[in-house]
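The values are calculated or read from the model by the stated rules, or taken from the named source; none is laboratory data. Remember, it's a predicted structure, so these values are computed and weren't measured experimentally. Neighbour counts run over all protein chains shown; Cβ positions are idealised from the backbone, glycine included.
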Amino acid sequence: KDYFDDEIGINDRITINGSKFRVVGILKKQGGFRSEVDSQIYVTKRDSVTILDNEDISDIFVRVRDISEAEEIADEIEERINDNHKMDDFTSAVTMGSSIKQLEFVFGILQVVLIAIASISLIVAAMGIMNTMLMSVMERTHEIGVMKAIGAKNRNILFLFLMEAGLVSLVGGLFGSIMGILAAKAISFGIVTKFGVEIAAIVKPEVLFGAVIVAMLVGILSGLYPARKASKMSPVEAVRYE
């Protein structure tokens, strides 16, 4: 029903490249890694030659009784076909297990790259927060002096600026989490649209919560030096600052 104007049922007739066919069965939707089969129509080899006007075979799917023998059988199939065509690399046999291993390898590299990017982003964000807080301390030097003159203690000033740094990083962490969710959904949608493979964007609440907490901690640590600098100011010098 996702690929036709009307929902297709058993014994319905469909037209493919001018040839009419009767539907004898409908496979259960696979989704996920094997979602490409959801858009496929299975016909006999003779009918495929009629439809495509081509006798070439691009893929052969084999199902084994014992999954533990899949790799051995794949090697044997590859060897026999290559021997029949007198070529060492005429074809290649790939099992689902080897495909998953390749994907795991690619995702492993991608994870390392993403961790590196995230680390650099944290460092840049920390420097940005520190510079912002230093500028805030300079601009509010007179205000700090007044607060100290009316009884504010060093720890009060320290806490005030640490809270400000934490709030800035909290807002940044929440905004980044929202953007991350939207980006994950967009990438998932793009993969489905482009390749027809459904890869669900799974967003775990605990991961988002952890990311926001880390962002807050980085912000507070980055604001520690500016906050200490503000708390150590002499009230007399601070009040006289213009």
If you go through the range 46-60, how many residues are assigned to a helix (DSSP H, G or I) and among the hydroxyl-bearing types (S, T, Y)?
2
Being of a type outside the set (A, V, I, L, M), in a helix (DSSP H, G or I) and at pLDDT 85 or above is the filter here; which residues of the range 171-214 pass it?
G172, G173, F175, G176, S177, G180, K185, P205, E206, F209, G210
Among (1) of a type in the set (F, W, Y); (2) part of a helix (DSSP H, G or I); (3) more than 33 Å from the chain's Cα centre (by Cα), which single condition is F105 missing?
(3)
Any idea which of (1) surrounded by 11 or more Cβ atoms within 10 Å (Cβ to Cβ); (2) of a type outside the set (A, V, I, L, M); (3) touching a residue at least 24 places away in the same chain (Cβ under 8 Å) is the one S39 doesn't satisfy?
(1)
With the condition kept exactly as written, say whether any residue in the range 156-170 is over 17 Å from the mean Cα position of the chain (by Cα), loosely packed, with under 12 Cβ neighbours inside 10 Å, modelled with pLDDT under 95 and not in a loop (DSSP other than H, G, I, E, B).
no
From (1) surrounded by 12 or more Cβ atoms within 10 Å (Cβ to Cβ); (2) more than 35 Å from the chain's Cα centre (by Cα); (3) not basic (K, R), pick out the condition that doesn't hold for T91.
(2)
Somewhere in the range 178-191, is a residue over 20 Å from A118 (Cα atoms), aliphatic (A, V, I, L, M) and free of Cβ contacts under 8 Å to residues at least 40 places away in the same chain?
yes
Confirm whether K1 is basic (K, R), at pLDDT 85 or above and not assigned by TED's automatic domain parsing to the domain that holds I199.
no
Please determine whether any residue of the range 197-219 is over 22 Å from L122 (Cα atoms), without any contact (Cβ under 8 Å) to a residue 40 or more places away in the chain, within 29 Å of the chain's Cα centre (by Cα) and surrounded by 12 or more Cβ atoms within 10 Å (Cβ to Cβ).
yes
Sort out which residues of the range 59-99 are under 25 Å from S48 (Cα atoms) and of a type in the set (D, E), and write them in order of number.
D59, E78
